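Participant: Would you mind keeping the following structure in view while I ask a few things?
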Amino acid sequence: MPSVTWGVVQGKKEKLVNRVKICDYLKTLGIIPDELENLELPSTVEVMSERVQFLQKLGLTIDDINEYPLMLGCSVRKNMIPVLGYLEKVGIPKSKLGEFVKNYPQVLHTSVVVELAPVIKFLRGLDVEKQDIGYVLQKYPELLGFKLEGTMSTSVAYLVSIGVSPRDIGPMVTQYPYFLGMRVGTVIKPLVDYLVSLGLPKKILARMLEKRAYIVGYDLEETVKLNVDCLISFGIRREAIASVIAQYPQILGLPLKAKLSSQQYFFNLKLKIDPDGFACIIEKMPQIASLNQHVIMKPIEFLLGRGLPLEDVAIMVMKCPQLVALRVELMKKSYYYFKSEMGRPVKELVEFPEYFTYSLECRIKPRYTKLQSKGI
(Lines give C-alpha, C1' and ligand atoms only; values in the text may rest on other atoms or scores of the structure.)
Protein backbone atom coordinates (compact mmCIF):
# COMPACT_ATOMS: atom_id res chain seq x y z
CA MET A 1 0.00 0.00 0.00
CA PRO A 2 1.34 3.47 -0.79
CA SER A 3 1.88 5.75 2.19
CA VAL A 4 -0.44 8.70 2.90
CA THR A 5 2.18 11.17 1.59
CA TRP A 6 2.48 9.44 -1.77
CA GLY A 7 -0.37 11.47 -3.38
CA VAL A 8 1.08 14.75 -2.13
CA VAL A 9 4.52 13.93 -3.50
CA GLN A 10 2.99 12.79 -6.77
CA GLY A 11 0.94 16.06 -6.97
CA LYS A 12 4.04 18.20 -6.39
CA LYS A 13 5.96 16.27 -8.99
CA GLU A 14 3.14 16.68 -11.51
CA LYS A 15 2.96 20.43 -10.84
CA LEU A 16 6.69 20.72 -11.36
CA VAL A 17 6.50 18.87 -14.69
CA ASN A 18 3.60 21.09 -15.83
CA ARG A 19 5.51 24.19 -14.79
CA VAL A 20 8.51 23.14 -16.89
CA LYS A 21 6.20 22.46 -19.86
CA ILE A 22 4.55 25.89 -19.50
CA CYS A 23 7.91 27.68 -19.25
CA ASP A 24 9.17 25.83 -22.34
CA TYR A 25 5.97 26.81 -24.17
CA LEU A 26 6.44 30.48 -23.22
CA LYS A 27 10.08 30.38 -24.36
CA THR A 28 9.01 29.11 -27.79
CA LEU A 29 6.82 32.26 -28.06
CA GLY A 30 9.74 34.49 -27.09
CA ILE A 31 8.41 35.18 -23.56
CA ILE A 32 11.04 35.15 -20.80
CA PRO A 33 9.47 33.30 -17.83
CA ASP A 34 12.13 34.18 -15.20
CA GLU A 35 9.85 36.59 -13.30
CA LEU A 36 7.13 33.95 -13.04
CA GLU A 37 9.20 31.81 -10.66
CA ASN A 38 7.19 32.65 -7.52
CA LEU A 39 3.87 32.94 -9.34
CA GLU A 40 1.22 30.26 -9.31
CA LEU A 41 0.83 29.19 -12.92
CA PRO A 42 -2.13 27.36 -14.50
CA SER A 43 -2.21 23.58 -14.47
CA THR A 44 -1.89 23.12 -18.23
CA VAL A 45 -0.21 24.63 -21.27
CA GLU A 46 -3.70 25.02 -22.83
CA VAL A 47 -4.82 27.44 -20.11
CA MET A 48 -1.60 29.48 -20.43
CA SER A 49 -2.05 29.51 -24.22
CA GLU A 50 -5.57 30.89 -23.73
CA ARG A 51 -4.18 33.75 -21.60
CA VAL A 52 -1.49 34.63 -24.15
CA GLN A 53 -4.01 34.57 -27.02
CA PHE A 54 -6.49 36.71 -25.06
CA LEU A 55 -3.81 39.36 -24.45
CA GLN A 56 -2.71 39.24 -28.09
CA LYS A 57 -6.31 39.74 -29.26
CA LEU A 58 -6.39 42.85 -27.07
CA GLY A 59 -3.46 44.17 -29.11
CA LEU A 60 -0.53 43.35 -26.84
CA THR A 61 2.66 42.04 -28.42
CA ILE A 62 5.16 39.53 -27.01
CA ASP A 63 7.39 42.53 -26.17
CA ASP A 64 4.54 44.09 -24.17
CA ILE A 65 4.07 40.84 -22.23
CA ASN A 66 7.82 40.69 -21.56
CA GLU A 67 7.62 44.22 -20.12
CA TYR A 68 5.27 42.88 -17.43
CA PRO A 69 5.13 39.05 -17.55
CA LEU A 70 3.23 38.93 -14.23
CA MET A 71 0.03 39.57 -16.25
CA LEU A 72 0.25 35.89 -17.25
CA GLY A 73 -0.66 35.04 -13.67
CA CYS A 74 -4.15 36.50 -14.21
CA SER A 75 -7.03 34.21 -15.05
CA VAL A 76 -8.96 35.15 -18.20
CA ARG A 77 -12.36 34.50 -16.57
CA LYS A 78 -11.67 35.60 -13.00
CA ASN A 79 -9.44 38.63 -13.68
CA MET A 80 -9.17 39.84 -17.26
CA ILE A 81 -12.79 39.69 -18.45
CA PRO A 82 -14.36 41.30 -15.31
CA VAL A 83 -11.73 44.07 -15.14
CA LEU A 84 -11.85 44.94 -18.85
CA GLY A 85 -15.65 44.76 -18.86
CA TYR A 86 -15.78 47.24 -15.99
CA LEU A 87 -13.28 49.60 -17.64
CA GLU A 88 -15.38 49.60 -20.80
CA LYS A 89 -18.49 50.27 -18.72
CA VAL A 90 -16.93 53.38 -17.12
CA GLY A 91 -16.02 54.89 -20.48
CA ILE A 92 -12.81 53.43 -21.91
CA PRO A 93 -13.57 52.49 -25.56
CA LYS A 94 -13.16 48.81 -26.40
CA SER A 95 -10.58 49.72 -29.06
CA LYS A 96 -8.42 51.42 -26.39
CA LEU A 97 -8.45 48.62 -23.81
CA GLY A 98 -5.27 47.00 -25.17
CA GLU A 99 -3.41 50.30 -24.99
CA PHE A 100 -4.72 50.84 -21.45
CA VAL A 101 -3.45 47.43 -20.32
CA LYS A 102 -0.12 48.10 -22.05
CA ASN A 103 0.24 51.38 -20.10
CA TYR A 104 -0.97 49.96 -16.78
CA PRO A 105 -0.87 46.13 -16.80
CA GLN A 106 -1.23 46.01 -12.99
CA VAL A 107 -4.93 46.74 -13.49
CA LEU A 108 -5.46 43.07 -14.41
CA HIS A 109 -4.64 42.05 -10.81
CA THR A 110 -7.23 44.37 -9.27
CA SER A 111 -10.65 43.58 -7.85
CA VAL A 112 -13.51 45.44 -9.48
CA VAL A 113 -15.51 45.68 -6.25
CA VAL A 114 -12.70 46.28 -3.74
CA GLU A 115 -10.33 48.51 -5.74
CA LEU A 116 -11.73 49.87 -9.03
CA ALA A 117 -15.32 50.82 -8.14
CA PRO A 118 -14.31 52.90 -5.04
CA VAL A 119 -11.86 54.97 -7.14
CA ILE A 120 -14.57 55.71 -9.73
CA LYS A 121 -16.97 56.63 -6.93
CA PHE A 122 -14.31 58.95 -5.48
CA LEU A 123 -13.79 60.68 -8.85
CA ARG A 124 -17.53 61.15 -9.29
CA GLY A 125 -17.63 62.61 -5.77
CA LEU A 126 -15.10 65.22 -6.90
CA ASP A 127 -17.57 66.25 -9.62
CA VAL A 128 -15.69 64.64 -12.49
CA GLU A 129 -18.38 64.28 -15.17
CA LYS A 130 -19.47 60.71 -15.91
CA GLN A 131 -18.52 61.07 -19.60
CA ASP A 132 -15.03 62.27 -18.60
CA ILE A 133 -14.11 59.31 -16.37
CA GLY A 134 -12.75 57.21 -19.26
CA TYR A 135 -10.71 60.16 -20.53
CA VAL A 136 -9.21 60.78 -17.07
CA LEU A 137 -8.28 57.11 -16.60
CA GLN A 138 -6.66 56.87 -20.04
CA LYS A 139 -4.62 59.97 -19.23
CA TYR A 140 -3.54 58.70 -15.81
CA PRO A 141 -4.33 54.98 -15.36
CA GLU A 142 -2.21 54.76 -12.18
CA LEU A 143 -5.14 56.47 -10.38
CA LEU A 144 -6.73 53.04 -10.15
CA GLY A 145 -3.94 51.89 -7.85
CA PHE A 146 -4.18 54.74 -5.32
CA LYS A 147 -5.61 54.46 -1.83
CA LEU A 148 -8.50 56.89 -1.43
CA GLU A 149 -7.55 58.00 2.06
CA GLY A 150 -3.96 58.71 0.98
CA THR A 151 -2.46 61.09 -1.56
CA MET A 152 -5.66 61.78 -3.54
CA SER A 153 -7.66 63.03 -0.56
CA THR A 154 -4.84 65.12 0.89
CA SER A 155 -4.00 66.88 -2.39
CA VAL A 156 -7.68 67.80 -2.89
CA ALA A 157 -8.06 68.97 0.73
CA TYR A 158 -4.93 71.13 0.49
CA LEU A 159 -6.00 72.83 -2.74
CA VAL A 160 -9.41 73.63 -1.25
CA SER A 161 -7.66 75.01 1.86
CA ILE A 162 -5.73 77.60 -0.21
CA GLY A 163 -8.94 78.84 -1.86
CA VAL A 164 -9.61 76.53 -4.84
CA SER A 165 -13.37 76.21 -5.22
CA PRO A 166 -14.55 72.62 -4.48
CA ARG A 167 -16.78 72.70 -7.58
CA ASP A 168 -13.69 73.39 -9.73
CA ILE A 169 -11.83 70.28 -8.53
CA GLY A 170 -13.72 68.06 -11.03
CA PRO A 171 -12.72 70.13 -14.10
CA MET A 172 -9.17 70.33 -12.72
CA VAL A 173 -8.98 66.53 -12.46
CA THR A 174 -10.26 66.21 -16.03
CA GLN A 175 -7.66 68.68 -17.29
CA TYR A 176 -4.70 67.44 -15.22
CA PRO A 177 -5.43 64.30 -13.13
CA TYR A 178 -1.74 63.89 -12.18
CA PHE A 179 -2.07 66.30 -9.24
CA LEU A 180 -4.10 63.62 -7.43
CA GLY A 181 -0.92 61.55 -7.23
CA MET A 182 1.34 64.38 -6.05
CA ARG A 183 2.43 64.60 -2.43
CA VAL A 184 1.32 67.80 -0.72
CA GLY A 185 4.33 68.14 1.59
CA THR A 186 7.05 67.60 -1.00
CA VAL A 187 5.50 68.85 -4.27
CA ILE A 188 2.34 70.99 -4.11
CA LYS A 189 2.86 73.01 -0.91
CA PRO A 190 6.50 74.04 -1.64
CA LEU A 191 5.39 75.35 -5.07
CA VAL A 192 2.46 77.27 -3.57
CA ASP A 193 4.64 78.71 -0.77
CA TYR A 194 7.26 79.85 -3.28
CA LEU A 195 4.71 81.60 -5.53
CA VAL A 196 3.12 83.29 -2.52
CA SER A 197 6.59 84.45 -1.44
CA LEU A 198 6.91 86.24 -4.81
CA GLY A 199 3.87 88.35 -3.93
CA LEU A 200 1.09 86.31 -5.54
CA PRO A 201 -2.00 86.43 -3.29
CA LYS A 202 -3.37 82.95 -2.50
CA LYS A 203 -6.74 83.98 -3.94
CA ILE A 204 -5.16 84.80 -7.33
CA LEU A 205 -3.07 81.63 -7.18
CA ALA A 206 -6.20 79.55 -6.51
CA ARG A 207 -7.93 81.09 -9.57
CA MET A 208 -4.81 80.32 -11.65
CA LEU A 209 -4.83 76.67 -10.58
CA GLU A 210 -8.57 76.32 -11.25
CA LYS A 211 -8.02 77.37 -14.86
CA ARG A 212 -4.60 75.77 -15.37
CA ALA A 213 -4.18 72.82 -13.04
CA TYR A 214 -1.07 71.69 -14.92
CA ILE A 215 0.92 74.47 -13.20
CA VAL A 216 1.29 72.20 -10.14
CA GLY A 217 3.23 69.85 -12.41
CA TYR A 218 5.99 72.38 -13.08
CA ASP A 219 9.18 71.34 -11.29
CA LEU A 220 9.94 73.93 -8.60
CA GLU A 221 13.75 73.68 -8.58
CA GLU A 222 14.43 72.75 -12.20
CA THR A 223 11.89 75.01 -13.93
CA VAL A 224 9.94 77.53 -11.83
CA LYS A 225 12.77 79.04 -9.81
CA LEU A 226 15.08 79.11 -12.83
CA ASN A 227 12.43 80.94 -14.88
CA VAL A 228 11.85 83.51 -12.14
CA ASP A 229 15.63 84.12 -11.98
CA CYS A 230 15.62 84.36 -15.78
CA LEU A 231 12.92 87.08 -15.73
CA ILE A 232 14.96 89.08 -13.22
CA SER A 233 18.12 88.66 -15.33
CA PHE A 234 16.23 90.18 -18.31
CA GLY A 235 15.43 93.29 -16.30
CA ILE A 236 11.91 92.50 -15.06
CA ARG A 237 11.55 94.20 -11.68
CA ARG A 238 11.24 91.84 -8.72
CA GLU A 239 8.03 93.59 -7.59
CA ALA A 240 6.50 93.01 -11.04
CA ILE A 241 7.15 89.23 -11.07
CA ALA A 242 3.83 88.37 -9.38
CA SER A 243 1.91 90.45 -11.93
CA VAL A 244 3.77 88.79 -14.83
CA ILE A 245 2.89 85.30 -13.48
CA ALA A 246 -0.74 86.25 -12.84
CA GLN A 247 -1.11 87.55 -16.42
CA TYR A 248 0.61 84.56 -18.03
CA PRO A 249 1.02 81.57 -15.65
CA GLN A 250 2.44 79.36 -18.43
CA ILE A 251 5.58 81.50 -18.37
CA LEU A 252 6.68 79.44 -15.35
CA GLY A 253 7.01 76.31 -17.48
CA LEU A 254 8.52 77.65 -20.72
CA PRO A 255 12.10 77.20 -21.94
CA LEU A 256 12.23 80.86 -21.03
CA LYS A 257 15.85 81.89 -21.50
CA ALA A 258 15.86 80.87 -25.17
CA LYS A 259 12.49 82.52 -25.84
CA LEU A 260 13.32 85.83 -24.16
CA SER A 261 16.76 85.99 -25.82
CA SER A 262 15.16 85.51 -29.23
CA GLN A 263 12.40 88.09 -28.63
CA GLN A 264 14.74 90.67 -27.11
CA TYR A 265 17.02 90.45 -30.14
CA PHE A 266 13.99 90.66 -32.47
CA PHE A 267 12.57 93.83 -30.83
CA ASN A 268 15.99 95.44 -30.88
CA LEU A 269 16.54 94.53 -34.53
CA LYS A 270 13.11 95.60 -35.84
CA LEU A 271 12.19 98.53 -33.56
CA LYS A 272 15.51 99.53 -31.94
CA ILE A 273 13.98 98.83 -28.51
CA ASP A 274 16.74 98.47 -25.90
CA PRO A 275 16.79 95.75 -23.14
CA ASP A 276 15.12 98.11 -20.61
CA GLY A 277 12.32 98.82 -23.07
CA PHE A 278 11.94 95.10 -23.72
CA ALA A 279 11.69 94.40 -19.96
CA CYS A 280 8.94 97.03 -19.76
CA ILE A 281 7.08 95.29 -22.62
CA ILE A 282 7.31 91.87 -20.91
CA GLU A 283 6.01 93.34 -17.64
CA LYS A 284 2.95 94.72 -19.44
CA MET A 285 2.37 91.72 -21.71
CA PRO A 286 4.38 88.59 -20.79
CA GLN A 287 2.59 86.56 -23.50
CA ILE A 288 4.99 88.20 -25.97
CA ALA A 289 7.59 85.65 -24.80
CA SER A 290 5.68 83.00 -26.78
CA LEU A 291 4.29 85.11 -29.62
CA ASN A 292 5.33 84.17 -33.14
CA GLN A 293 7.59 86.84 -34.66
CA HIS A 294 5.70 86.62 -37.95
CA VAL A 295 2.50 87.56 -36.06
CA ILE A 296 4.26 90.45 -34.26
CA MET A 297 5.50 91.94 -37.54
CA LYS A 298 2.06 92.32 -39.15
CA PRO A 299 0.75 95.15 -36.90
CA ILE A 300 4.21 96.76 -36.90
CA GLU A 301 4.31 96.74 -40.71
CA PHE A 302 0.77 98.14 -40.82
CA LEU A 303 1.73 101.11 -38.62
CA LEU A 304 4.96 101.74 -40.54
CA GLY A 305 2.93 101.56 -43.76
CA ARG A 306 0.77 104.45 -42.53
CA GLY A 307 3.83 106.67 -42.56
CA LEU A 308 4.59 106.52 -38.83
CA PRO A 309 8.32 106.85 -38.07
CA LEU A 310 10.03 103.77 -36.61
CA GLU A 311 10.73 105.50 -33.29
CA ASP A 312 7.00 106.41 -32.93
CA VAL A 313 5.95 102.82 -33.58
CA ALA A 314 8.51 101.70 -30.94
CA ILE A 315 6.99 104.18 -28.44
CA MET A 316 3.48 102.88 -29.24
CA VAL A 317 4.56 99.25 -28.70
CA MET A 318 6.27 100.06 -25.39
CA LYS A 319 3.18 101.96 -24.21
CA CYS A 320 0.74 99.29 -25.37
CA PRO A 321 2.40 95.94 -26.20
CA GLN A 322 -1.04 94.43 -26.95
CA LEU A 323 -0.75 96.15 -30.35
CA VAL A 324 1.54 93.39 -31.63
CA ALA A 325 -1.12 90.73 -31.06
CA LEU A 326 -3.96 92.56 -32.85
CA ARG A 327 -5.52 91.52 -36.15
CA VAL A 328 -4.51 93.91 -38.92
CA GLU A 329 -8.04 93.86 -40.49
CA LEU A 330 -9.48 95.35 -37.28
CA MET A 331 -6.65 97.87 -36.97
CA LYS A 332 -7.33 99.04 -40.55
CA LYS A 333 -11.02 99.71 -39.84
CA SER A 334 -10.23 101.60 -36.63
CA TYR A 335 -7.48 103.58 -38.34
CA TYR A 336 -9.65 104.66 -41.30
CA TYR A 337 -12.49 105.64 -38.97
CA PHE A 338 -9.99 107.69 -36.94
CA LYS A 339 -8.71 109.44 -40.07
CA SER A 340 -11.85 109.86 -42.17
CA GLU A 341 -14.74 110.20 -39.68
CA MET A 342 -12.96 111.68 -36.69
CA GLY A 343 -10.35 113.60 -38.67
CA ARG A 344 -7.80 113.41 -35.92
CA PRO A 345 -4.00 113.85 -36.29
CA VAL A 346 -1.89 110.66 -36.23
CA LYS A 347 0.22 111.96 -33.33
CA GLU A 348 -2.76 111.28 -31.07
CA LEU A 349 -2.42 107.58 -31.89
CA VAL A 350 1.23 107.71 -30.82
CA GLU A 351 0.13 109.30 -27.53
CA PHE A 352 -2.74 106.85 -27.05
CA PRO A 353 -2.03 103.58 -28.93
CA GLU A 354 -4.62 101.80 -26.72
CA TYR A 355 -7.17 103.22 -29.21
CA PHE A 356 -6.56 100.18 -31.41
CA THR A 357 -7.42 97.74 -28.63
CA TYR A 358 -11.00 99.00 -28.31
CA SER A 359 -13.92 97.67 -30.33
CA LEU A 360 -14.82 100.02 -33.20
CA GLU A 361 -18.51 99.09 -33.22
CA CYS A 362 -19.09 98.70 -29.47
CA ARG A 363 -17.00 101.50 -28.04
CA ILE A 364 -15.31 103.91 -30.45
CA LYS A 365 -18.25 104.72 -32.77
CA PRO A 366 -20.96 105.04 -30.05
CA ARG A 367 -18.78 107.34 -27.92
CA TYR A 368 -17.65 109.47 -30.82
CA THR A 369 -21.25 109.78 -32.07
CA LYS A 370 -22.43 110.76 -28.57
CA LEU A 371 -19.77 113.46 -28.23
CA GLN A 372 -20.62 114.75 -31.71
CA SER A 373 -24.32 114.96 -30.89
CA LYS A 374 -23.45 117.08 -27.85
CA GLY A 375 -21.45 119.44 -30.04
CA ILE A 376 -18.12 118.54 -28.41
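Participant: Scan I215, I236, I251, I241 and give me the residue that is under 19 Å from K139 (Cβ atoms) and surrounded by 15 or more Cβ atoms within 10 Å (Cβ to Cβ).
Facilitator: Answer to the selection: I215.
Participant: Go through the range 29-49 and give me each residue that's acidic (D, E) and over 17 Å from K13 (Cβ atoms).
Facilitator: D34, E35, E37, E46
Participant: Taking only pairs six or more apart or across chains, which ones have beta-carbon atoms under 8 Å, a first residue in the range 248-270 that is farther than 15 Å from G235 by Cβ, and a second residue that is open to solvent by less than 50 Å² (accessible area, probe 1.4 Å) and assigned to a loop (DSSP other than H, G, I, E, B)?
Facilitator: L252/Y218; G253/Y218
Participant: If you scan the range 38-52, which residues turn out to be within 40 Å of the chain's Cα centre (by Cα), of a type outside the set (S, T, N, Q) and over 19 Å from V101 (Cα atoms)?
Facilitator: Result: L39, single match.
Participant: Do we have any residue at all in the range 165-173 that's over 30 Å from I204 (Cβ atoms) and either open to solvent by 30 Å² or more (accessible area, probe 1.4 Å) or out of contact with any Pro (no Cβ under 6 Å at 6 or more places or on another chain) (or both)?
Facilitator: no
Participant: Would you be able to say whether some residue in the range 178-197 is touching a residue at least 12 places away in the same chain (Cβ under 8 Å), polar (S, T, N, Q), outside the structural domain of G253 (by the TED database) and open to solvent by 30 Å² or more (accessible area, probe 1.4 Å)?
Facilitator: Within the range 178-197, not a single residue is touching a residue at least 12 places away in the same chain (Cβ under 8 Å), polar (S, T, N, Q), outside the structural domain of G253 (by the TED database) and open to solvent by 30 Å² or more (accessible area, probe 1.4 Å).
The values are calculated or read from the model by the stated rules, or taken from the named source; none is laboratory data. As the structure is a computational prediction, the values presented were derived from the model and not from experiment. Cβ sites come from the backbone with ideal geometry, for glycine too, and all protein chains shown count toward neighbours. Protein only, heavy atoms only, side chains kept; ligands, DNA and RNA dropped before computing areas. Shrake-Rupley method; radii C 1.70, N 1.55, O 1.52, S 1.80 Å.
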